[in-house]
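Trainee: Got a structure here, written out as structure tokens. Questions coming.
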Amino acid sequence: MTLQGKKAIVTGGSRGIGNAIVREFLERGATVYSLSRTEAANQAELEAAARHTGGALHWRQTDVGKEEELAQTVDAVIAEAGALDVLVNNAGITRDGLIFRMATADWDDVLRANLTSAFIASRAAARAMIKQRSGCILSVSSVSGIMGNAGQVNYAASKAGLIGFSKSLAREVASRGVRVNVIAPGFIETDMTRTLGEKARVVLIGQIPVGRVGTAEDVAALAAFLASDAAAYITGQVIAVDGGLSM
């Protein structure tokens, strides 16, 4: 499952699942372009990890919610790198609330950051990958996009949208050697989930068959496999990393 020599873009790579994916890719020898609004707190640590494996880390300050800025960044990275082997659409936000209290702006912001950004980045990536007749596009969805979740109509809609988007894109580009897959994490220990109260946390863990919360590394390990040549015959799939929650 080596990624030696591969060039990858990871959106939302400064923290959480995105940061774990960046680390995993670097440890497997990839050159990674991490796109985020702020630099990762562990940037120096990641750069050191890259030096040990022959990989390289490049950070590009980018707000994925701004379509033109994201498109320009992806195009610039592809031009600089000379090729693009992997795109990971990971960036995402939440603006939770029951629908009758949800502002239209909260709907728009979540759809723009979680779904539209994947369209913008994937469009640019697909053009390059089709020309080179190889590549892998991964989108990080959620079990909320599979099961739904009260108080998250905007988030669940954006994550379900990623699934339909990815399956359709997979059909468009498969004949050109480009694979497209979806990872659907369940309850993963991140800054986003740590805001839950202890009572809600206990209830959620009780619903997970394996009896524990997942880690960002659990998700990153799957991303590395899907990005590698070991997954050459896998496309159009949605794989849950949820300890059986959505089973």
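Trainee: Residue-wise, which Karplus ³J(HN,Hα) couplings in Hz belong to segment 23-31, taking 6.51 cos²θ - 1.76 cosθ + 1.60, θ = phi - 60°, and x for glycine or proline?
Mentor: Working through the residues one at a time gives 4, 4, 5, 4, 5, 9, x, 7, 9 Hz.
Trainee: So what are the ³J(HN,Hα) numbers for segment 99-104, from phi and the Karplus equation (6.51, -1.76, 1.60; θ = phi - 60°), rounded to whole Hz, Gly and Pro as x?
Mentor: For segment 99-104, the Karplus-derived couplings read 4, 6, 10, 7, 6, 4 Hz, x marking Gly and Pro.
Trainee: Further, regarding this structure: Report, by chain and number, residues whose modeled amide H sits under 5 Å from the one on residue 62, excluding near sequence neighbours (fewer than 5 apart, same chain).
Mentor: 36, 37
Trainee: Another question, then. Quick one: net charge around residue 79, please, counting Lys, Arg +1 and Asp, Glu -1 for every other residue with C-beta under 14 Å from its C-beta.
Mentor: +2
Trainee: List the residues, sorted by chain then number, that are 5 or more residues from residue 180 or on another chain and whose placed amide H is less than 5 Å from its amide H.
Mentor: Excluding prolines and chain starts, which carry no amide H, the hits are 137, 236.
Trainee: While we're looking at this one, here's another question. Relative contact order (percent) for the chain, with alpha-carbon contacts under 8 angstrom and 6 or more residues of separation?
Mentor: Across the chain, relative contact order equals 20 percent.
Trainee: Excluding residues fewer than 8 places away in the same chain, name every one of the aspartates and glutamates whose C-alpha is closer than 17 Å to that of residue 131.
Mentor: 75, 80, 85, 172
Trainee: Take every Cα-Cα pair in the chain and report what % of them are more than 21 Å apart.
Mentor: Within the chain, distances greater than 21 Å cover 55 percent of Cα pairs.
Trainee: Determine the dipole magnitude for the chain: charges of +1 sit on the beta-carbon of Lys and Arg, -1 on that of Asp and Glu, nothing else is charged, the reference point is the Cα centre, and the result goes in debye to the nearest 20.
Mentor: 520
Trainee: Still on this model: Do the sum for the chain: with -39,500 (n - 2.57) for every DSSP H run of n ≥ 4, divided by all residues, what is the mean residue ellipticity at 222 nm, to the nearest 500 deg cm²/dmol?
Mentor: Computed ellipticity for the chain at 222 nm equals -13500 deg cm²/dmol.
Trainee: So what are the ³J(HN,Hα) numbers for segment 109-124, from phi and the Karplus equation (6.51, -1.76, 1.60; θ = phi - 60°), rounded to whole Hz, Gly and Pro as x?
Mentor: 3J(HN,Hα) across segment 109-124, in whole Hz: 4, 5, 5, 5, 6, 8, 10, 4, 4, 5, 5, 4, 5, 5, 4, 5.
Just so you know, all these numbers are worked out from the coordinates, no wet-lab data involved. Every value quoted in this text rests on a predicted model; they were computed, and no experiment measured them. Because the Cβ atoms are built from the backbone with ideal geometry, glycine has one as well, and the counts that use them run over all protein chains shown.
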